[in-house]
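Shown next, in structure tokens, is the structure this report addresses.
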Amino acid sequence: ADDTLTFSIIRNGTSHTLQVHAEEFSLERAAKVAQQDFGFYVEEITQQNASHYLLQTQQGVVITDVRNNSPASQVGIEPGDVIRHVDGLKITNLQDFRDVMMKLGQKRTIVVLVQRNNRGYYVTLERQ
């Protein structure tokens, strides 16, 4: 839901009114942050992409694209990798991923548990 909030503040003895527009942190925005800041694009795991990438799990989100010279590419993340945790928070689907990206805010560095085939590994990503 979109809301406009009005705040009254006093600064140096003068009253000021501020309006702030609040909106939901959408799935699209979470995906955009991941792509712009860390260099990867994720999707919900479906039967189609599970088959395409030969995924061995239905839990998490699948990385479908990695931008060249991005933080993700520099640590070896590849399309078909599955994100299972971000900063210790479990990712079971795209909604979880959105929620975690929202909680991270502007945190500069994140630790991601990535699954490739039947192996997991942790990587540290820094925002660009």
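Once neighbouring chains are kept in place and the probe is 1.4 Å, which whole percent of the accessible area of the chain is contributed by carbon and sulfur? Write out the running numbers ahead of the final one.
Working: 3650 of 8080 Å².
Looking at the chain in its full context, I get 45 percent from C and S.
Quick one: which of 87-99, 6-18 comes out on top by average Cβ neighbours within 10 Å, and what's the full order, highest first? Working shown, then result.
On the way: 87-99: 16.1, 6-18: 7.8.
Final packing ranking: 87-99, 6-18.
If you take Rg and Dmax of the Cα atoms in Å from the coordinates, which of (i) 13.9, 43; (ii) 18.1, 65; (iii) 16.8, 56 do you get?
(ii)
If you roll a 1.4 Å probe over the heavy atoms of the protein chains, what accessible area per residue do you get for the stretch 18-128, in Å²? Don't jump to the answer; show the numbers that get you there.
Working: 6450 Å² over 111 residues.
Averaged over the residues of the stretch 18-128, the accessible area is 58 Å².
The values are calculated or read from the model by the stated rules, or taken from the named source; none is laboratory data. As the structure is a computational prediction, the values presented were derived from the model and not from experiment. Heads up, the Cβs are rebuilt from the backbone with ideal geometry, glycines too, and the neighbour counts pull from every protein chain shown. Just the protein is used for accessible areas: all its heavy atoms, side chains included, with ligands, DNA and RNA removed. Shrake-Rupley method; radii C 1.70, N 1.55, O 1.52, S 1.80 Å.
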